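Report on the structure given below.
Rule-based calculations on the coordinates, nothing more; no lab input. Remember, it's a predicted structure, so these values are computed and weren't measured experimentally. FYI the Cβ positions are ideal-geometry reconstructions off the backbone, even for glycines, and counts take in every protein chain you see.
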Amino acid sequence: MSTNVDMKLEVVVIPVSDVDRAKEFYGRLGWRLDQTPPGVIQFTPHGSGCSVQFGTNLTSAAPGSAKEYLIVSDIEAARNALVAAGIEVSEVFHIGPDGPVSGLDPERRSYFSRASFRDPDGNDWLLQEITTRLPGRIEAAATSFGSASDLASALRRAAAAHGEHEKRIGEADANWPDWYAEYMVSEQTGAELPK
């Protein structure tokens, strides 16, 4: 394709064997039940631009064969919310040099801390904590926050980093709004963070 045309992922179809049971499960997650044509159930995770659909005869894939990723800005808060909703969730683990290791990534690096759960059919959902994107994943002009909780988490990280910045410069930074904005955009796009 010679020109870039925006294409945004809208829906992922997941295979289920019992539509009513799946509807109850995804409702317990707190995902929004969307208006759809008859025979199609669609849920949208909080803060997501992409939805999941299931229903009778939507896919020939075997129930339980899907593996999907959900990104979160705070893996512990996300896991706690799922547990509070009665969802069985793995312990938090991180990716070490030799594979999965129990607990949070010691450096709290993006993409490393994870937890997982399954729907009643066995479809796998992996939660992955991402606070800073790899370079080139998001264009600087397209940065945004999908929810108030994601924005609040980004502001907390910026505030902590700004506190360190003020310690380094030895004075209060009156231009903190610009510093926060640069930090938050850099974090989302994977650019070098301001010092």
*asked:* Given the DSSP H assignment, sum -39500 (n - 2.57) over each helix run of at least 4 residues in the chain and divide by its residue total; what's the result at 222 nm in deg cm²/dmol, nearest 500?
replied: -9500 deg cm²/dmol
*Work out, step by step, the length gained on full extension between residue 173 and residue 40: first 0.36 nm times the residue separation, then minus their alpha carbon distance; give nm to one decimal.*
42.6 nm
_Spatially close lysines, pair count over the chain: Cα under 30 Å, gap of eight or more or interchain_ = 4
*For the range 91-190, state which GluC sites (Glu not before Pro) are in a DSSP loop and have at most 14 other beta carbons lying within 10 Å of their beta carbon.*
91, 107, 139, 171
*Out of 173, 18, 34, any idea which swings most in a Gaussian network model of the chain, alpha carbons joined below 10 Å?*
173
_Cβ-based exposure ranking for 118, 79, 32, in which fewest neighbours within 10 Å come first_ = 32, 118, 79
_Using Cα springs under 10 Å in a Gaussian network model of the chain, which residue among 183, 26, 69 shows the largest mean-square fluctuation?_
69
*Can you give the % of DSSP beta bridges in the chain that are antiparallel, to the nearest 5?*
65
*Pick out the long, greasy-scoring helices in the chain: whole DSSP H runs spanning 15 Å or more along their own axis by Cα, mean Kyte-Doolittle at least -1.0.*
148-169, 176-189
*Kindly provide log₁₀ I(q)/I(0) values, in the same order as q = 0.07, 0.08, 0.12, 0.16 Å⁻¹, from the Debye equation applied to equal alpha-carbon scatterers of the chain.*
-0.26, -0.34, -0.72, -1.13
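Given the peptides 50-56, 111-117, arrange them by the average over their residues of other C-beta atoms within 10 Å, most packed first.
On the way: 50-56: 17.7, 111-117: 20.1.
Put in order of decreasing packing, that is 111-117, 50-56.
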*Where the centre of each part is set by its Cα atoms, how far does the range 28-44 sit from the range 99-121, in angstrom?*
27
*Most mobile of 175, 123, 80 in a GNM of the chain (Cα contacts under 10 Å)*: 175
